[in-house]
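What follows draws every value from the coordinates through simple rules; no lab data is involved. What you are looking at is a predicted structure, and each value in this text was computed from that prediction instead of being measured. Glycine also receives a Cβ, built like all others from the backbone with ideal geometry; neighbour counts cover every protein chain displayed.
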Amino acid sequence: MTGDAVIHAVNLTRHYRIKTRPLAAPAIVKALNEASFDLYPGQTLAVVGESGCGKSTLARVLTMIEPPTSGQLTINGQRVELKEGEPPPKDLRREVQIIFQNPYGSLNPRKTVTAMLEEPLKLNRPELSAEQRRQAALDMIERVGLRPEHADRYPHMFSGGQRQRIAIARALMLNPKILVLDEPVSALDLSIQAQILNLLADLQDEFGLAYVFISHDLSVVRRIADDVIVMYFGQPVETGPASEVFTQPRHPYTQALFSATPVADPTRRKERVRLKGEPPSPLSPPPGCPFAPRCFKATEECIQGDPPLESVNPQVKVACIHVEKAAV
Amino acid sequence: MALLEIEGLDVRFRTTNGLFPAVEDANLSVDKGEVLAIVGESGSGKSVSMLATMGLLPWTAEVSADKMAFDGQDLRQLTSRQRRKIVGGEMSMIFQEPMSSLNPCFTVGTQIDEMLRQHLGGSRKERKERALDLLAQVGIPDPKKRIGAYPHQLSGGMSQRVMIAMAISCNPRLLIADEPTTALDVTIQAQILDLLLELQQDTGMALILITHDMGVVAETAQQVIVQYAGRQVERQEVKALFAHPRHPYTEALLSALPERAGDQARLPTIPGVVPGQLNRPSGCLFNPRCRYATEHCRQVEPKALADDPARTLCHYPL
């Protein structure tokens, strides 16, 4: 760990009020429940889980697109105090940038590459001249592995991998400390995926970036993550260093998730831990542990109460009553 | 005689820039009880070759083949009426996006019933019973209630189960699954793959699985065809393919998998991108990205050797 944490998150929670029927009281959807972690420069935190588990809500809270309902978020040593509907302070906003899954939807089709790259500079660095801005954009284009002749082209002229490079370049224009990567390679072909992962690794080494890497692809996560948070139904169910979580998954959901992931090795076809059913609806959460209805270890006790995230050893925390906890 | 035999299949699309060869010289044969995977990146023509087999391509496509036979019947000679008897009945297909393949205006029951009415007939009551059986067979809880559900009321996994129920409703002898799990979460993907393999084993049908996911291939297929830019570059039995890929593209693709990279600091990559319509290289289509490419590769298009069981499309097979 080098230096201080760039993100210090304590019990981040985000609830949404949803109208289900006219005149009925709005239902509360707990999209994100009590996520806590520290992220250091040059480190990668992976957030793993299936659709609806709160990964993207966490991304929206971290990028200050939405304020947390409760909990504390400290970015770069500065406590974030956001009000609903208010823009975050500019200096903090600059530190955190986001890259989205679909590079076909996240780039403005009517702007050239340089225009897109220069825009953040225009807004945040008014002291730069037009020439300096263009030079900065051209440098970044080269840095992410595009060629200078690409500078004045429009997004439709690029392939998916190249577009993702443009999105990465745009995110880096203001020298952020933190990149939130929301499924950055899942829309890409395998051969392109490896190129983008390598680029991200190079940039991390060069600029000391901290990554929050949101993904459902465990083989990618295993490769790049330092720490992992496994989420289910809005809650972290297992957190710890990637080396620990991958070699010895403890929570039944983590075990099932790992076992469901196909391994590209035909000699290792295995019996899967089979999960029954599908994740519950957020409008009618099950009693007790949200995973209990699908869990192969579930007992009567599981529906009594929601298990808290407890330490199994100094590094790993698990939210399951069937996992042996460290002696207090 | 194999159940489905295709030789020398070419598919070209008429575009404003001239003919675009989406599939060239595709060959495959699949027998009952077999699981064949066709693997490749986007634009490799894996879906197009199967859509051509089903006769589902738009009018802009020109399809030609030396041989295209299903159970001895020549698919090229069929009238559209005869083709309709086979397609959906004996030869059936599941598509990638379950949410958009179902008609949002009709209930699940109506859509399954349409298949049964077209191909099997029977009284309304018999058909309804069959539909309920099918929903139960694909693992949909509470079929009596779900038969009246509209697609928007179902999750992605449930929609895909309904698609599978429709596809197997007439006891097909060949099921083509085009990226059946790509839009689904991993735990649901595992359920759907298990279901497909179970059905395949129970009924003895042939299964062609189109996918880009090497993990899915490794866990389900017996035979594998690898496609690149519309050409089949090699075909092998699954274990042999993963242990000894013959084509440099397959080798590069496998080594780009994060789980195979081991402790290397960076993943091995394939430079460049798949060629499109306007930048097709001369010679071997893979030569600009191939680390073994020579001058010969850049000029002469490789041909598969007759005595090579893998039919590797390479001058220098590994």
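Inter-chain neighbour count for B:252-258: the average number of beta-carbon atoms from partner chains within 10 Å of each residue's beta-carbon is 6.
Coupling constants for the stretch A:217-224 follow from the phi torsions by the Karplus curve (6.51 cos²θ - 1.76 cosθ + 1.60, θ = phi - 60°), and in residue order they are 8, 5, 5, 5, 4, 4, 6, 10 Hz; glycine and proline get x.
Relative contact order of chain B: 20 percent, from C-alpha pairs under 8 Å at least 6 residues apart in sequence. In terms of its C-alpha gyration tensor, the protein assembly as shown comes out oblate, because a/c is 1.5 or above while a/b does not outweigh b/c. Candidate cross-link partners of B:LYS145 among the lysines, defined by an alpha-carbon separation under 17 Å and a same-chain spacing of 8 or more, comprise B:LYS125, B:LYS128.
Between amide H atoms placed 1.01 Å from N, distances below 5 Å from B:LYS32 occur with B:LEU3, all of them 5 or more places distant or on a separate chain. Inter-part distance, the stretch A:82-108 to the stretch B:275-301, computed on C-alpha centroids, equals 42 Å.
Computed FRET efficiency, Cβ-Cβ of A:LEU23 and B:PHE106, R0 35 Å: what is it to the nearest 0.05?
On the way: r = 31 Å, r/R0 = 0.89.
Working from the Cβ atoms, E equals 0.65.
As I understand it, the value is the acute angle between the Cα axis of helix A:130-143 and the longest principal axis of the Cα atoms of chain A; what does it come to in degrees, rounded to 10? Tilt relative to chain A: about 50 degrees. Each residue of the stretch B:242-249 was assigned a 3J(HN,Hα) from its phi angle through the Karplus curve 6.51 cos²θ - 1.76 cosθ + 1.60 (θ = phi - 60°); the sequence is 6, 7, 9, x, 9, 9, x, 5 Hz, with glycine and proline shown as x. Entry note, the stretch A:196-328: relative contact order of 21 percent, from Cα contacts under 8 Å with a spacing of 6+ residues. Over 30 Å apart at the Cα level, from the set A:LYS276/B:LYS144; A:LYS30/B:LYS46; A:LYS30/A:LYS317; A:LYS276/B:LYS46; A:LYS122/A:LYS177; A:LYS83/A:LYS297, are A:LYS30/B:LYS46; A:LYS276/B:LYS46; A:LYS83/A:LYS297.
Taking 0.36 nm per residue of sequence separation and removing the Cα-Cα distance, the B:LEU278/B:GLN201 pair yields an extension gain of 23.3 nm.
Hey, how many Å between the Cα centroid of the stretch B:50-103 and the Cα centroid of the stretch B:174-218? So the separation of the two Cα centres works out to 20 Å. Antiparallel beta bridges, as assigned by DSSP with both residues in the stretch A:153-296, represent about 55 percent of the total such bridges.
Assign one of three labels to the stretch B:173-280, namely rounded, prolate or oblate, based on the Cα gyration tensor with a ≥ b ≥ c the square roots of its eigenvalues; rounded applies when a/c is under 1.5, prolate when it is not and a/b is larger than b/c, and oblate otherwise. Taking the square roots of the gyration eigenvalues as a ≥ b ≥ c, the stretch B:173-280 is prolate.
When only the Cβ of Lys, Arg, Asp and Glu is charged (+1, +1, -1, -1), the dipole of the stretch B:242-318 relative to its Cα centre reaches about 200 debye.
Run the helix sum for the protein assembly as shown: -39,500 (n - 2.57) per DSSP H stretch of 4+ residues, divided by residue count, reported at 222 nm to the nearest 500 deg cm²/dmol.
Values: 21 runs with 199 residues, N = 646.
When only DSSP H runs of four or more count, the value is -9000 deg cm²/dmol.
The angle between the Cα long axis of helix A:113-124 and the main principal axis of chain A comes to about 80°, on a 0 to 90 degree scale. If you plug the beta carbon distance of A:GLN132 and B:LYS128 into 1/(1 + (r/R0)^6) with R0 = 60 Å, you get a FRET efficiency near 0.25.
FRET efficiency for the pair A:HIS15 and A:ASN175, taken as 1/(1 + (r/R0)^6) with r the Cβ-Cβ distance and R0 = 56 Å, rounds to 0.95. Classify the stretch A:128-177 from the C-alpha gyration tensor, please: rounded if a/c falls under 1.5, else prolate or oblate depending on whether a/b exceeds b/c. Oblate is the answer for the stretch A:128-177, as a/c is 1.5 or above yet b/c matches or exceeds a/b. Coupling constants for the stretch A:252-263 follow from the phi torsions by the Karplus curve (6.51 cos²θ - 1.76 cosθ + 1.60, θ = phi - 60°), and in residue order they are x, 5, 4, 4, 5, 5, 5, 6, 7, 6, x, 9 Hz; glycine and proline get x. For B:ALA65, the residues 5 or more places off, or on other chains, whose built amide H falls under 5 Å of its own are B:ASP10.
Sparsely packed loop sites in the stretch A:73-108 (the GluC sites (Glu not before Pro) outside DSSP H, G, I, E and B with at most 10 other Cβ atoms within 10 Å) comprise A:GLU84.
A run of chain A free of exposed loop cleavage sites, with trypsin sites (Lys or Arg not before Pro) counted only in DSSP states other than H, G, I, E and B and at most 10 other beta carbons within 10 Å, reaches its longest extent at A:111-269.
If you place +1 on the Cβ of every Lys and Arg, -1 on the Cβ of every Asp and Glu, and leave all else neutral, what size is the dipole of chain B about its Cα centre, to the nearest 20 Debye? Before the final figure, lay out the partial values.
Working: 33 positive and 37 negative charges, 178 e Å.
Here chain B has a charge dipole of around 860 debye.
Since only B:THR60, B:GLN200, A:SER219 are under comparison, the one whose Cα sits farthest along the positive direction of the charge dipole of the protein assembly as shown, derived from C-beta charges on Lys, Arg, Asp and Glu, is B:THR60.
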